[in-house]
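The values are calculated or read from the model by the stated rules, or taken from the named source; none is laboratory data. In this text, all values refer to a predicted model and were calculated from it rather than measured experimentally. Neighbour counts are summed over all protein chains in view; Cβ atoms, including those assigned to glycine, are modelled from backbone coordinates with ideal geometry.
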Amino acid sequence: MPDFETLKPFLVLGLALGGVFAMSGVGLVVLYRATGVLNLAYGAIGAMGALISWSMIDADLNQWLAYATCIVFGGVATLIYGGVFGPPFAPREPLVKAVATLGFLLILVGLMQYVYGQDTHSITLPTSNWNYDLGGVRVSWTQIVGTVFPILVTAGTVVYLRVTKVGTAMRALANDREITAMLGVPVRRVEAAAWFGSGLVCGISGLLLSNLVGLDIVSLTFLVIPALAAALIGQLRSLWVTLIAGFIIGLVQSCLTAFSELSEYRTMTPFVLAIVALLWFARGREPVRT
Amino acid sequence: MKRVVFALAAVGGLVLAGCGDDDSASPSASTAVGAGAATTTASAVSTEGGSSTTGGGAATTSPAAGAGASNIQKPGECGAGTGQKATGEPIKLGGIATNIPSIDFTWETGMAKAYFDCVNDNGGINGRPIEYITETEQVDPQQISALATKLAEQDKVLGFVGNMSIIDCDTNKDYYAKNGFYLIVAGVAQACFTNPNYSAVNMGPYYSTLGGAQAAVRAGAKGKLVVVTPNQPGVDLINSGVVDFAKQQGMEGISLKEESPINDPAGLAQKIVQEAGDGGGVVLDFTGPGVLPLLQAIEQQGLVDKVVWASSTPPNDPSVAKALSSAWNDKFLINAEFNTLDSGKPDQNHMNEVREKYGSDIPSSSFSQMGYLSARVATDALLGIKGDITKESVNDAFKSVKNFTSDLWCKPWYFDSTVGQNVSNNNDITVVPRDGKMVQKEDCFAIAELPANPLKDIRAKEAALGLNAG
């Protein structure tokens, strides 16, 4: 059984990783509530943005411009997908909409494999080189940003949804799309805002994860899974629960690394927590009769 | 209600996604590898407990120093070097490579194809071009069995060259033996080094991680040696070499398996360092793209100097050196089964030239070196055939290769189809990243003989038969 000293670095790592899972989960929930789409291509969009950023840095362009491009790419790519495929899929079941984003994911992964191949790529944010010692654990500013920024994003999103007209419209869309449309709310524009905002968060997540996890196409693409698990624990509705769930997934997964017997199974953390949460939510409900 | 159903479907998808990894580490495949290992161990132990040149083993020579130059390729030439395009009836050869996330061995078959294309532009094999048919597999025994059968019986290839697969040697060894195929491969599983129908141009992860461990001990690692390998079939056997070597050195050996791609490199870095303890040694066994996030996480957490870091061959890759900062200068000891990619020696220059012209999309790496060497050896063997080129004559030619020289190897290479313990490449160098390049750190040294490996027997046989001499 590892002692607290042993666990300390894993707690720091878990907070940073969990924070980015949480932020991604919040992005997924906001989009789902506004449009009914669970964007499974979230990780792939972030990966593509990070790779574009790498290309720009590799071409000796300004690194801050490259980072900004990664974030903007997330917003624009998501917005384009939403603009083109959102309307025709709008009347379909959520499952159909989610599967459609899988197609987008496959296109992006194929494109990344074609353009960037299997060569090694990496981005090191300046914040990753700014370190200091916290109780014997080295903490980088990227980890601090990864921990604090998601909380600010969530708080900002909650405020935005409450006090702005577009936010109010998004909440109305989440409650009843048809009535909201009948009340004269410009549904397409509101949805576009949700797609773009969610995409920006996706770009930020991709940039942070490319530093915290590495700039690997497959790894980043499938990091949508813990974010999705966090969103499911938040019942695709609560931003705060999603935020907390993301942190818990990151912390549990990271701390399990220190346990030799469980370390091999730590990647199951999102699945296990999501299943436990769903069973908990389903308690007391009548079973579905067929 | 819809939301609950949807959520359950999504979780179902997640669970299915999680099941994917398990397939690649099927118990049956692992068992097969283990069985092969048991045979090897028994045979080696029956002869004598191993003594070796191990950790303190003195380095001998630079790669190919003293080797004859008879096989060194001239610039601008491939094979016969006529400069004429081959136009006759194609000679079909096959190759199979693994391609799964974070493990792409198609670089190897891709480079073999590039060399064969160059041969075809230079007269081919007595005017006949080589048609190299390649297949990719995803660590599925049924799939790879079907691919070998398809290549042999449907495409009617005369021989197999450059196979590089996690499970091909274990799965198809009986099929190849029954059908008289002798394969020049890049070995991964231990079966590639214990069956008489295969000879590998490399030494594979078992011996390469062992070489990494030797370098780590020479660099001062003490206390514990940790070996970390992707969780795939045969991993226990790969790691056993380092663990056994640690015991031989009076150290503790620790074997760790990690899912690949690594999804929390920072956590893994912390765990490895904690396991190894201050001043311990760590040997990594990941591909270049696979290991890079881990190395960067190690650096970001200030762990570079906590232990001695070493690796098997794959990160001997210029793009890895380029991506690492100067914090890693001379501090990542990579056991290199071949010379550095910018050694400036004739064969290496030739390979770079061929890759540039015929396979510029193939990353320059140790995998491409394996593909180049497989194709080089096969081409020379084919050019030496007197009479008809048939399946029998092709495979006879392959298995008759002796003392093939190249400056990519430390010593000349040979195909051994008699003993069944084919580790022709058993001397390596150590390279390190330095200011964005891979540079040679240690000259050629002998991979450690251990009671559980057959190197002692192999070297005795080589000395007796004049093999691996130069």
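Looking only at segment B:209-237, residues that are polar (S, T, N, Q) and either within 26 Å of B:D278 (Cβ to Cβ) or without any contact (Cβ under 8 Å) to a residue 12 or more places away in the chain (or both) come to 3 in all.
Each row is one residue, and each column tells you yes or no for (1) within 14 Å of the chain's Cα centre (by Cα); (2) part of a helix (DSSP H, G or I).
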{"residue": "A:A155", "(1), (2)": "no, yes"}
{"residue": "A:Y160", "(1), (2)": "no, yes"}
{"residue": "A:I179", "(1), (2)": "no, yes"}
{"residue": "A:V185", "(1), (2)": "no, no"}
{"residue": "A:G203", "(1), (2)": "yes, yes"}
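Residues of segment A:213-222 being facing chain B (nearest Cβ under 7 Å) and either farther than 22 Å from A:P126 by Cβ or crowded, with 24+ Cβ neighbours inside 10 Å (or both), which ones?
A:G214, A:D216, A:V218, A:S219
Restricting attention to segment B:315-334, the residues that are more than 8 Å from B:P433 (Cα to Cα), more than 12 Å from chain A (Cβ to nearest Cβ) and either part of a loop (DSSP other than H, G, I, E, B) or over 23 Å from the mean Cα position of the chain (by Cα) (or both) total 2. Among all positions in segment B:263-286, there is no residue which is within 11 Å of another protein chain (Cβ to nearest Cβ), closer than 14 Å to A:S122 by Cα, modelled with pLDDT under 90 and under 22 Å from the mean Cα position of the chain (by Cα). Return the residue satisfying two criteria in turn: it lies in segment B:292-310 and is without any contact (Cβ under 8 Å) to a residue 60 or more places away in the chain and either among the aromatic types (F, W, Y) or not in a helix (DSSP H, G or I) (or both), and of such residues it is surrounded by the most Cβ atoms within 10 Å (Cβ to Cβ). Among residues in segment B:292-310 that are without any contact (Cβ under 8 Å) to a residue 60 or more places away in the chain and either among the aromatic types (F, W, Y) or not in a helix (DSSP H, G or I) (or both), the one surrounded by the most Cβ atoms within 10 Å (Cβ to Cβ) is B:Q301. Checked against (1) farther than 21 Å from B:F245 by Cβ; (2) buried (at least 21 other Cβ atoms within 10 Å of the Cβ), B:D330 meets all criteria but (2).
Of the helices (runs of 4 or more DSSP H) lying entirely inside segment A:1-107, those containing at least 1 residues that are in contact with a helix residue (DSSP H, G or I) (Cβ under 7 Å, 6 or more places away or on another chain) and farther than 30 Å from A:V139 by Cα span A:4-35, A:63-89.
Say we look at segment B:307-328 and pick out the residues that are in contact with an Asp or Glu (Cβ under 9 Å, 6 or more places away or on another chain) and of a type in the set (V, I, T); which of these is farthest from B:F105 (Cα to Cα)? Among those that are in contact with an Asp or Glu (Cβ under 9 Å, 6 or more places away or on another chain) and of a type in the set (V, I, T), it is B:V307. A single member of B:E353, B:E392 is surrounded by fewer than 21 Cβ atoms within 10 Å (Cβ to Cβ) and modelled with pLDDT of 95 or more, and it is B:E392. Can you find, within segment A:117-136, the residue that is farthest from the other protein chains (Cβ to nearest Cβ) among those that are within 23 Å of the chain's Cα centre (by Cα) and assigned to a helix (DSSP H, G or I)? Once the filter is applied, the top-ranked residue is A:P126. Specify the residue that is nearest to the chain's Cα centre (by Cα); the eligible residues are those in segment B:86-142 that are more than 14 Å from chain A (Cβ to nearest Cβ) and at positive phi. Once the filter is applied, the top-ranked residue is B:V139.
The set of residues in segment B:101-122 being touching a helix residue (DSSP H, G or I) at 6+ places or on another chain (Cβ under 9 Å) and farther than 30 Å from B:N231 by Cα consists of B:A114, B:Y115, B:F116, B:D117, B:C118, B:V119, B:D121.
Which of the residues that make up segment A:233-290 are of a type in the set (F, W, Y), buried (at least 16 other Cβ atoms within 10 Å of the Cβ), assigned to a helix (DSSP H, G or I) and within 12 Å of chain B (Cβ to nearest Cβ)?
A:F271
Which residue, of A:A50, A:A66, is modelled with pLDDT of 90 or more and over 16 Å from the mean Cα position of the chain (by Cα)? On inspection, the qualifying residue turns out to be A:A66.
Only a single item in (1) within 20 Å of B:A215 (Cβ to Cβ); (2) within 14 Å of chain A (Cβ to nearest Cβ); (3) among the polar types (S, T, N, Q) is not met by B:Q300, and it is number (1). Inspection of segment A:137-157 finds no residue satisfying the criterion of being exposed (fewer than 13 other Cβ atoms within 10 Å of the Cβ) and within 14 Å of chain B (Cβ to nearest Cβ). Once segment A:81-106 is narrowed to residues that are away from every other protein chain (no Cβ under 14 Å) and surrounded by fewer than 14 Cβ atoms within 10 Å (Cβ to Cβ), the residue that is farthest from A:G203 (Cα to Cα) is A:P88. Note on segment B:410-428: residues that are touching a Lys or Arg at 6+ places or on another chain (Cβ under 8 Å) and outside any loop (DSSP other than H, G, I, E, B) amount to 1. Among the residues of segment A:83-115, the ones that are of a type outside the set (F, W, Y), under 17 Å from A:G43 (Cβ atoms) and touching a Phe, Trp or Tyr at 6+ places or on another chain (Cβ under 7 Å) come to 1 in all.
Taking segment A:160-182 as the range and being surrounded by fewer than 16 Cβ atoms within 10 Å (Cβ to Cβ) and either closer than 29 Å to A:N211 by Cα or among the basic types (K, R) (or both) as the test, the residues that pass are A:R162, A:K165, A:R171.
Look through segment B:437-461, keep the residues that are assigned to a loop (DSSP other than H, G, I, E, B) and among the aliphatic types (A, V, I, L, M), and return whichever of them is modelled with the lowest pLDDT.
Looking at the filtered set, the residue picked out is B:A452.
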